[in-house]
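Contents: one structure, followed by commentary.
Bear in mind these aren't lab numbers, they're just calculated from the coordinates by the rules spelled out. A quick note: this is a predicted structure, and the numbers were derived from the prediction, not measured. Note that we place each Cβ from the backbone using ideal geometry, even for glycine, and neighbour counts take in every protein chain shown.
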Amino acid sequence: MAADEITYKEALAELETILSAIEEEQVDVDELAIKVKRSATLIRLCRARIEAAAIEVEAVVDEMKPGEDSNG
């Protein structure tokens, strides 16, 4: 599954799984680089989703502010 096809929640869960495996030394050296690359991809996805959500929330809040409509 491509990183951009998963939800924020799924990406976060996968990151937690990878971190747990690394902390418990369940990842051998041959897998480590792969896991680190996957983690970087997931982190970028999460950051992008958070940024997009923040922009959307800000737009909604701006629309709700009294006295700031475009009618003048």
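For region 23-72, which residues satisfy the criterion of being among the hydroxyl-bearing types (S, T, Y) and more than 19 Å from A11 (Cβ to Cβ)?
Restricting attention to region 23-72, the residues satisfying the condition of being among the hydroxyl-bearing types (S, T, Y) are 39, 41, 70.
Across region 23-72, the qualifying residue is only S70.
Residues of region 1-24 that are part of a helix (DSSP H, G or I) and surrounded by 12 or more Cβ atoms within 10 Å (Cβ to Cβ): A3, Y8, E10, A11, L12, A13, E14, L15, I18, L19, A21, I22. Would you check if there is a residue in region 37-44 being over 16 Å from the mean Cα position of the chain (by Cα), surrounded by 11 or more Cβ atoms within 10 Å (Cβ to Cβ) and outside any loop (DSSP other than H, G, I, E, B)? No, because not a single residue in region 37-44 is over 16 Å from the mean Cα position of the chain (by Cα), surrounded by 11 or more Cβ atoms within 10 Å (Cβ to Cβ) and outside any loop (DSSP other than H, G, I, E, B). Scan region 20-39 and report the pairs whose first residue is within 21 Å of I6 (Cα to Cα) and whose second residue is in a helix (DSSP H, G or I) and not small (G, A, S), with Cβ atoms within less than 8 Å and a gap of 6+ or a chain change. Listed by first residue and then by second, the contacts come to A21/K35; K35/I18; K35/I22; R38/E14; R38/I18; S39/L15; S39/I18; S39/L19. V27 meets each of the listed conditions (1) assigned to a helix (DSSP H, G or I); (2) surrounded by 10 or more Cβ atoms within 10 Å (Cβ to Cβ) apart from (1).
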